[in-house]
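Beneath this line is the structure, given in structure tokens, with notes to follow.
Any read-out appearing in this document is the output of simple, stated calculations on the displayed coordinates, not a laboratory observation. Predicted model, so just to flag it, every value in this text is computed and none were measured. All Cβ positions, glycine included, derive from the backbone under ideal geometry; neighbour counts span all protein chains shown.
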Amino acid sequence: MSQAGPPQLKLDLGLTPVYREEDFLVAGCNSEAVSWLDQWPEWRACGLIVSGPPSSGKTHLAEIWRNKAQAKLVDGRDLLLNQDCFSDSAESIVVEHADEANERALLRLYNGVVEYKKSILLTANSDPQFWSISLEDLRSRLMALPAVKIGEPDDFLLQALLVKQFSDRQVRIEVSVVRYLVERMERSFYMVGRLADELDAMAFREKRKITTVLAARALEKLMNGKF
């Protein structure tokens, strides 16, 4: 009789994000943002603000536009007051997490965009009217920019996102299971990723395919906060 080996471990190597334009799923909740980005460089202002909930595709859209505009990427959380974002040939600037940026540094960056006649794309979780801004000069400049919001996904987009999540993991899932999940899950971009992670891990541990029974257990676990 052969001795059972140690339990198989799944290495959590993570998924490397690939932000290709052809992979972005356009739907009613994000079509306005897509339309605005497609209009560049014919924007009526020097920039655009795109807001939306976590995991809603803001970074994907920002990467598509960054490649199109040959822009420099800046994380607002790391933006420094003395940072020179115009020291190279970058034509435009992308600021992710703009609502968490140092106000004076962001104001200096904005003024540089205007001075050098460049373009700026800012992303955030909320519309600029809800940001905590103490500098009136910065507030007035941001409020003058056009702003578009990515809404929560509809059923069609939730299904498409779930299919893509499992496809990226090279995991097979039946359409009936996807529909089961969409009918019962929290309707958010964030939950799509959480469900895919949980079901992938459960199926691997138990060495079984993803079924509605497994999906029900994953939903119960996530809804009860057991993760």
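Key figures
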| quantity | calculated |
| --- | --- |
| Most mobile of LYS207, LYS58, LYS68 in a GNM of the chain (Cα contacts under 10 Å) | LYS207 |
| Per DSSP, loop chymotrypsin sites (Phe, Trp or Tyr not before Pro) in the stretch 82-154 with at most 16 further Cβ within 10 Å | PHE86, TYR116 |
| Principal axis dimensions, largest first and in whole angstrom, of the stretch 25-149 by Cα | 39, 32, 25 |
| For the stretch 54-75 versus the stretch 183-212, the gap between their alpha-carbon centres in whole angstrom | 27 |
| The stretch 44-57 - phi-based ³J(HN,Hα) in whole Hz, Karplus 6.51/-1.76/1.60, Gly and Pro as x | 7, 10, 7, x, 8, 10, 10, 10, x, x, x, 6, 8, x |
| Of every Cα-Cα pair in the stretch 155-223, the percent that sits beyond 17 Å | 28 |
| Rounded to the nearest 20 debye, dipole of the chain from Cβ charges on Lys, Arg, Asp, Glu | 720 |
